[in-house]
Amino acid sequence: MRIGIDARFWSQTGIGRYIRNIVEELSKLDTKNEYVIFLMGDDFDSISLPSNFKKVKTNIHWHSFSEQIILPMVYLKEHLDLLFVPHFNIPILYPKKIVTTIHDLTVLRVRTGKATALPYPIYLIKYLGAFLVHCAAIKRSKIIFTVSQFVKDDIVKTFKVDPSKIVFTPNAVGGGFYRRSGNEINAVLEKYGFRHPYLFYVGNAYPHKNLKRLVESFAILLKDFPNLTLVLGGKKDFFYERLEKECKALDVCDRIVFTGFINDIDLPAIYSGAKLFVNPSLYEGFGIQVLEAFGCGCKVVCSSATSLPEVGGGLARYFDPKDAHDMARIISKTLLEADPGFTSRAAVYAKDYSSWEASAKTILLSMQKT
């Protein structure tokens, strides 16, 4: 069987991490099938794969017209038996068999002009395009993989899909997410320019991530915890720049650190040193950071919305993401809460929740049955 994998997101966060881990596990599990890995030019030379994996360079960007018009021809040249697209952005004109991973329906659920840097009419056109591609992906795919029961239920409810067509393949924590020593933690904190004690969030600053309300909650917390710092990690873009401007109105900027992009190798130390990891998101398909924090022995306080309670289970503490006062109350309560043995319990939970190997095995078996 000749299987193509769209790996153009390889170097990205989120979906990129999913692709890297699934491809790595497939390369260990499967020596019989042939794989064709489609990569952006910047990633092509830096990736080494086994002999049954062929790399194909393509500089066709995702969510572009070329993706729909030119990319199908690139795939057809490779005479694939099956194409695995690990995102909803399938090439609609590609005529052969496809399986897809749909991580969430965020782009359909978050319908607000504030969720984009584009002029609103253009945003609406792109929204319609995303909806049509979702419809095509769900109709055309032989199998739809997804990462949480919440997302599976959301897809079934929204698109009236037969649940048997959707296969649950959860995200997992990589082996590098474990508790780090004090020296390691301090070295990384010095690198990024902040100190203990701090709350930590890492991810993008799109409006549905609800960071403005987290900042409002933090302003309330400072009355009782004046030495606390809020560390927000994520690549500085339009949304983070807008958030920084909004923070000035609350007069808490001197207690907030915007780190910019954080290298994956530094994340475990920052999780390990944090008082809490906080995720205030209004919509989350999975929330891998919750498991990463647990792996590093960090307590988690997060939104009670969408998939987060599914992932956080009984270990995380939950708040109403639309209520800054409730958010501050739960964070405060958790900061003051003694919990002996939490570090070891959290590490076991993160390890046992799922594994990339298990998800890759499920994907491989499903692809072989198509």
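Readers should treat all values here as calculations from the given coordinates under stated rules, not as data from a laboratory. Note that the structure is predicted; figures quoted are calculated from it, not measured. Cβ atoms come from the backbone with ideal geometry, glycine included; neighbour counts cover every protein chain shown.
Ordering 293, 312, 41 by Cα displacement along the dipole of the chain toward the positive end leaves 41 in first place; charges were set at the Cβ atoms of Lys, Arg (+1) and Asp, Glu (-1).
The tail of the calculated P(r) for region 307-370 beyond 17 Å holds 61 percent of all Cα-Cα pairs.
Placing +1 on the Cβ of every Lys and Arg and -1 on the Cβ of every Asp and Glu, with nothing else charged, gives the chain a dipole about its Cα centre of roughly 720 debye.
Within 10 Å, count the other beta carbons around each residue, average over each peptide in 86-95, 292-301, and list them highest first.
By packing density, highest mean first, the sequence is 292-301, 86-95.
Comparing 305, 205, 249 in a Gaussian network model of the chain where C-alpha atoms under 10 Å apart are linked, the largest mean-square fluctuation is found at 249. Debye-formula intensities of region 24-156, expressed as log10 I(q)/I(0) at q = 0.11, 0.16, 0.20 Å⁻¹, are -0.47, -0.96, -1.31 (one equal scatterer per alpha-carbon, no solvent). Whole-Hz Karplus values for region 27-34 come out as 5, 7, 7, 10, 10, 9, 6, 9 Hz, taken residue by residue from phi with 6.51 cos²θ - 1.76 cosθ + 1.60 and θ = phi - 60°; glycine and proline positions read x.
Pairs exceeding 24 Å between alpha-carbon atoms, taken from 97/351; 55/165; 152/236; 57/139; 32/351; 97/165: 97/351; 55/165; 152/236; 57/139; 32/351. A viscosity of 1.567 mPa s and a temperature of 4 °C, combined with the Kirkwood radius over Cα pairs in Stokes-Einstein, give a translational diffusion coefficient for the chain of 60 µm²/s. At an R0 of 22 angstrom, the distance between the Cβ atoms of residue 13 and residue 241 translates into a FRET efficiency of 0.75.
Between the amide H of residue 98 and those of 83, 142, distances stay under 5 Å, these residues lying 5 or more places away or on another chain, with hydrogens modeled in the peptide plane.
Protection proxy ranking, highest mean first, for peptides 2-8, 253-259: 2-8, 253-259, where packing is the per-residue count of other beta-carbon atoms within 10 Å, averaged. Shape analysis of region 182-353 yields a ratio of the Cα radius of gyration to the Kirkwood radius, Rg/Rh, of 0.93. Taking a temperature of 4 °C and a viscosity of 1.567 mPa s, what whole-number D in µm²/s does Stokes-Einstein yield for region 179-274 with Rh from Kirkwood over alpha carbon pairs? In µm²/s, the coefficient is 95.
Under 22 Å of direct C-alpha separation, and excluding same-chain neighbours fewer than eight residues apart, residue 235 reaches these lysines: 114, 191, 209, 212, 245, 248. Spin-label model, residue 365/residue 325: points 7 Å from Cα along the beta carbon direction are separated by 5.1 nm.
Residue exposure proxy: 327, 73, 40, ordered by other Cβ atoms within 10 angstrom of their Cβ from fewest to most, comes out as 73, 40, 327. Computed from backbone phi, the HN-Hα couplings of region 338-347 come to 7, 9, x, x, 4, 4, 5, 5, 5, 4 Hz, rounded to whole numbers (Karplus: 6.51 cos²θ - 1.76 cosθ + 1.60, θ = phi - 60°; Gly and Pro given as x).
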